[in-house]
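Every read-out reported here was derived from the displayed coordinates using simple, explicitly stated rules and does not represent laboratory data. These numbers come from a predicted model, not from an experiment. Here Cβ is always computed from backbone atoms with ideal geometry, including for glycine, and neighbour counts include all displayed protein chains.
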Amino acid sequence: MPKIAVLPGDGIGQEIVPEAVKVLKAVLANSPEKFEFIEYWVGGTAIDKCGKALPEETLKGCEEADAVLLGAVGGPKWDHLPAGERPETAALLGLRKGLEFYANIRPVKMLSSLIDSSTLKKEVVENVDMVVIRELTGGVYFGEKKRIENPLSAYDMMSYSAPEIERIIRLAFEIAQDRRKKVCSVDKANVLETSRLWREIAIKVSKDYPEVELSHLYVDNAAMQLVRYPEQFDVIVTENMFGDILTDLASMLGGSIGMLSSASMNGKKGMYEPAHGSAPDIAGKNIANPLATILSAALMLRNTFGLDKEAQQIETAVVKVLDQGYRTADLTQPGDKCLGTKEMGDAVVAALG
Ligand code: NAD
């Protein structure tokens, strides 16, 4: 029986994940295979319940599952904890490292019904359709870090091995082959040695994919190009920290961070989560946008379970609901019909047909 580990986590995670599970159960209702959904504690919620942001039972449950559906973790209540115990580090980095989810895949597409919700001009964003691939288990976030008291200083080491770079670049080419066949590798090769190695390997791997065009951009230029002329991009691939920053920037090209889904992959196994955080400012009010999580669930069906038709059904239902003028508060413009979190989940289920 296919197993899905469900980790709502903190803040709005507790509200948006149940909506995605509701949509998954509806779309899988007639599936010949019975899917098992097993819920686990993670993040600040897990600290409150059992003292650890990533309890052993949760990690084991995720290891045994075929896929993980995660909400978000963190919040002011746990900000005072030492870095290694905080939900964002202990739980998120722990899950990524523990399950070797080395590739984060974020599709960014402007839906025509959301163009007016973007803070950018219509002509800049109307044809946006890209995938940003971020390396997730290497680089400066996982390198050695130290604080030195005398003289007061600190360092974080950025390092990458050749195999770590090669597997993510290869994935970018594989994904580009099924799209518009363009890979843009983003680095800082004018300054960083890790980036010079990154670029060399990108060029070497590109020889195996002669039909895919490879280009390179320095990360500062990539940030500028993303808001200047984003439709030039098909697949962007970059290292961990650059990807962290560029994916948030790219989220605004899709209308709202509440729309951006993501998949963290290790082969077929994946952890699926919205690109945003736990949004403590709006938690518990039934106003959070559940669509990024619902779209992440669609990615799960496609990437892990090979259920392309069901994934497409969810994506079509989301487009239909938006076309009907339904919005959550983060997307609402004058004239729209504003729905709460639960009601938006119900609307997507109804639109599945
Ligand atoms: P955030 O993404 O939680 O929120 C940023 C802004 O976007 C807020 O105004 C919020 O209300 C809004 N927003 C986010 N998701 C939304 C949604 N689905 N619908 C409507 N509005 C939405 O980022 P933050 O405020 O910097 O971080 C809050 C907490 O989340 C922090 O503890 C942070 O460490 C954590 N965080 C967790 C993850 C994760 O679990 N993957 C990612 C980023 C931040």
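Sorting the segments 270-280, 145-155, 211-221 by their mean number of nearby beta carbons within 10 angstrom, highest to lowest, gives 270-280, 211-221, 145-155. Measuring spread by the Cα atoms of the chain yields a radius of gyration and Dmax of 20.0, 66 Å. In plain terms, the residue of 128, 191 with the fewest other Cβ atoms within 10 Å comes first and the most crowded comes last, giving 191, 128. For residue 216, the amide hydrogen comes within under 5 Å of the amide hydrogens of 185, counting only partners 5 or more places away or on other chains and with H modelled in the peptide plane. According to the square roots a ≥ b ≥ c of the eigenvalues of the Cα gyration tensor, what is the shape class of the stretch 88-185, taking rounded for a/c under 1.5, prolate for a/b larger than b/c otherwise, and oblate for the remainder? In terms of gyration-tensor shape, prolate. Counting neighbouring Cβ atoms within 10 Å and putting the fewest first, the residues 105, 257 line up as 257, 105. A simple packing score, the average count of other Cβ atoms within 10 Å per residue, orders the peptides 260-268, 296-304, 319-327 as 296-304, 260-268, 319-327, with the highest score first.
Please count, across the stretch 169-275, the pairs of lysine residues with Cα atoms under 20 Å apart that sit 8 or more places apart or on different chains.
Working: 181/204; 181/207; 182/204; 182/207; 188/204.
Counting lysine pairs in the stretch 169-275 gives 5.
For residue 285, the lysines whose Cα falls under 26 Å of its own Cα, not counting residues fewer than eight places away in the same chain, are 22, 25, 49, 77, 320, 337, 342. Relative contact order, whole percent, for the stretch 113-248 stands at 36, derived from Cα pairs under 8 Å and 6 or more residues apart.
Can you give the relative contact order of the chain as a percent, counting alpha carbon pairs under 8 Å and 6+ residues apart?
It comes to 22 percent, rounded to a whole number.
Only beta bridges with both residues in the chain are counted; by DSSP, about 40 percent of them are antiparallel.
Three principal axis extents describe the C-alpha atoms of the stretch 195-291; from largest down they are 52, 35, 23 Å.
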